[in-house]
Amino acid sequence: MSKVEQNDENYTVYYHVRAPHGLLNDPNGLVYFNNQYHVFFQWNPEGTTHANKTWGHAVSTDLIEWDYLKPALEPTDWFDKDGCYSGSAFEREGKLYLFYTGNVRNVNGERESYQCLAVSEDGIHFEKRGPLFDHPNNYTAHLRDPKIWQEKDEYWMILGAQTLDLKGTTIVYRSPDLLNWSFEGEFMDALPDFGYMWECPDVLKLPNKDVFVFSPQGLEAKGDFYQNIFQTGYILGEARSGKFIPDKEGFIEMDRGFEFYAPQSFKDDHGRTIILGWMGAMDPEVEAAVPTINEGWIHHLTLPREIKIVGNQLLQQPVEELKELRLASFDLLKDIALKDRIILSTPEQEMNCSWDESPASFTWNFRNEVTITYEATEKRITVERTNWLTGERETRSVNLTRPLETVQLFLEDSSMEIYLNQGAEVFSLRYFNENRTNMWQWKDAKWKNHLADLTVHELKRTIEFK
Ligand code: FRU
């Protein structure tokens with residue numbers, strides 16, 4: 001393939017929340033407070049390694065344009081001196097409460113974890129109140145990532161934990177006032193040998209269904225499943241009085257791509273349940289080879305995704321507001337007799353594609369780098385990219401439960417989110433290829449059959465750091 005309109009930018013992303021510089025990981029403290037969306041995030045402002053974790057802070061009124069504020073929490077106290085680790089936010093009586101884990105290395109170099117509180121009147125300046133309770137018996141120091149929800153007039157906190165025989169689990173605490181907490185035991189019976197640590201647990205309360213989301217570490221790859229260094233998934237069921245009763249389906253991976261980890265949810269003032277995740281956890285050597293390190297930054301968050309349950313199916317859909325990103329739109333079905341390729345004007349694009357009837361098998365290639373293949377008989381989607389460390393092609397796949405109907409795709413210069421069948425499956429991934437072009441090319445002429453819509457939108461750049 002010839003090089004067309006070779007891209008000369010530095011893999012910058014322009015509409016996904018990233019940090020101005022340094023390393024970003026988990027989204028934290030997501031909340032709608034005082035007429036603003038607050039996104040906090042794990043942030044090392046001093047470098048592109050996993051150290052010096054503060055809570056970076058960005059605010060928005062529309063989930064599109066973001067203002068960056070000073071870090072809300074910095075590791076300056078004895079109980080968080082080696083990192084203000086992940087946690088969540090909760091509003092009570094006009095005040096914003098942040099719950100987070102203070103990470104400490106003691107004089108012997110051993111880990112200690114403190115579950116801490118910080119309180120704010122304005123959502124900008126936070127007063128640390130220190131640890132909330134003593135470390136519970138029977139769990140290792142891998143105890144972190146408090147997430148709060150409310151049932152009637154009680155508050156519940158869930159924490160990622162590790163048992164003394166090194167199994168991942170979650171424990172819960174209960175409080176009448178967000179200040180005094182009592183230990184209530186395990187959230188669910190531990191799944192047998194389901195990894196050595198569960199990070200960033202979350203409980204989503206949706207109409208008729210609760211969703212327990214967590215990020216287990218230490219699962220072995222099995223067929224299409226658990227292919228990444230760490231996984232994130234969910235179990236549908238019912239959360240009541242500190243216990244989770246799972247439905248029978250078990251653990252389902254939330255995203256089938258290469259980079260998605262540690263998502264967090266919140267409810268906004270419209271009652272929507274929205275998540276953002278981190279794109280994402282990588283093998284350390286692969287992470288160290290990410291070329292944006294040369295530009296002084298690494299990683300970004302996913303787009304905000306609304307979570308719905310339809311039937312018994314969890315759907316993740318980019319929030320409505322993202323339509324405001326659209327600049328010029330091209331209806332490819334009307335505009336042109338579809339050729340085998342189009343040249344995109346910029347990397348920042350959204351594509352929407354739907355079919356009237358099940359499509360035949362096809363392969364799409366984006367930017368001389370990422371391919372999406374659909375095998376119609378198996379209803380199987382495979383996404384392939386080049387590993388930027390090894391130079392090898394690598395794949396992730398899923399078999400859909402029903403034939404492909406829709407694809408919604410968000411593209412940036414080094415990032416892609418692919419939503420299939422109204423968000424029943426999602427693939428999130430980064431890609432870095434010096435020879436990337438702006439071409440979108442498709443093979444197998446038959447994929448055009450039954451096309452109902454094929455629209456491409458150029459997207460606005462809303463996040464730029466000078
Ligand atoms: C998940 C995680 C959390 C921890 C944070 C530290 O990516 O390991 O468990 O609180 O990142 O940055």
Solvent-free Debye scattering, log10 I(q)/I(0), computed from the Cα coordinates of region 320-465 at q = 0.16, 0.22 Å⁻¹: -0.89, -1.69
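Within region 296-378, which trypsin sites (Lys or Arg not before Pro) sit in a loop by DSSP and count at most 16 neighbouring Cβ atoms inside 10 Å?
Those that pass, being in a loop and sparsely packed, are 339.
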What nm distance separates the two modelled labels at residue 357 and residue 320, each placed 7 Å from Cα along Cα→Cβ? 3.5 nm
Full-stretch length increase - residue 249, residue 125 - with 0.36 nm per residue and alpha-carbon distance subtracted: 40.3 nm
So which chymotrypsin sites (Phe, Trp or Tyr not before Pro) in region 64-164 are both in a DSSP loop and have at most 13 other Cβ atoms within 10 Å of their Cβ? 78
Per the charge dipole of region 17-302 (beta-carbon charges, Lys/Arg positive, Asp/Glu negative, Cα centre), the residue among 207, 104, 262 reaching farthest to the positive end is 207
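Take the alpha-carbon positions of the chain, form their convex hull, and give its projected area averaged over all directions (one quarter of the hull surface) in nm².
Computed as one quarter of the Cα hull surface, the answer is 21.7 nm².
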Per-residue HN-Hα couplings for region 266-276 [Karplus 6.51, -1.76, 1.60; θ = phi - 60°; Hz; x = Gly/Pro]: 7, 9, 9, 6, 8, x, 6, 9, 10, 10, 10
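Going from most exposed to least, what order do 93, 121 have by accessible area with a 1.4 Å probe?
Largest accessible area first, the list is 93, 121.
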Suppose R0 equals 51 Å. What FRET efficiency, 1/(1 + (r/R0)^6) with r the Cβ-Cβ distance, do residue 165 and residue 392 give to the nearest 0.05? 0.90
For region 17-302, the accessible surface attributable to carbon and sulfur atoms (probe 1.4 angstrom, ligands and nucleic acids excluded) amounts in percent to 47 percent
Using 7 Å Cα-to-Cβ label points, what is the residue 95/residue 189 separation (nm, one decimal)? 4.1 nm
Segment residue 339-residue 134, length gained on full extension (0.36 nm per residue, minus Cα span): 67.3 nm
Tell me which of 47, 84, 158 sits at the most positive position along the dipole axis of the chain, charges placed on C-beta atoms (Lys, Arg +1; Asp, Glu -1). 158
Nearest 500 deg cm²/dmol is fine: what mean residue ellipticity at 222 nm does the chain get from its DSSP H runs of n ≥ 4 alone, each adding -39,500 (n - 2.57), divided by its residue count? -500 deg cm²/dmol
Using 1/(1 + (r/R0)^6) with R0 = 25 angstrom and r between the beta carbons of residue 78 and residue 182, what's the FRET efficiency to the nearest 0.05? 0.55
In terms of the charge dipole of the chain, which places +1 on Lys and Arg and -1 on Asp and Glu at the beta carbon, the residue among 182, 389, 351 farthest towards the positive end is 351
Please compute the per residue accessible area over region 17-302 with all protein chains in place, 1.4 Å probe, rounded to a whole number of Å². 39 Å²
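Do any GluC sites (Glu not before Pro) in region 153-249 lie in a DSSP loop with no more than 15 other beta carbon atoms within 10 Å, and if so, which?
220, 249
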I want the local charge near residue 348. Using Cβ-Cβ distances under 9 Å, sum +1 for each Lys or Arg and -1 for each Asp or Glu among the other residues. -2
What is the calculated FRET efficiency for residue 225 to residue 310, with r their C-beta to C-beta distance and R₀ = 41 Å, to the nearest 0.05? 0.95
Of the heavy-atom accessible surface of region 320-465 (probe 1.4 angstrom), what whole percent is carbon and sulfur? 44 percent
Let's see if you can work this out: charge +1 on each Lys and Arg Cβ, -1 on each Asp and Glu Cβ, no other charges. What is the dipole magnitude of region 140-234 about its Cα centre, in debye to the nearest 20? 140 debye
Hey, got the dipole for the chain? About the Cα centre, +1 on K and R Cβ, -1 on D and E Cβ, debye to the nearest 20? 460 debye
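So what is the relative contact order of the chain, in percent, for Cα pairs below 8 Å that sit 6 or more residues apart?
15 percent
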Solvent-accessible area of residue 173 with every protein chain in place, 1.4 Å probe, in Å² to the nearest 10: 10 Å²
Work out, step by step, the length gained on full extension between residue 422 and residue 110: first 0.36 nm times the residue separation, then minus their alpha carbon distance; give nm to one decimal. 107.7 nm
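The values are calculated or read from the model by the stated rules, or taken from the named source; none is laboratory data. Keep in mind the model is a prediction, meaning the values are calculated, not measured. Note: ideal-geometry Cβ built from the backbone for every residue, glycine included; neighbour counts use all protein chains shown. Note: areas computed on protein heavy atoms with side chains; ligands, DNA, RNA excluded. Shrake-Rupley method; radii C 1.70, N 1.55, O 1.52, S 1.80 Å.
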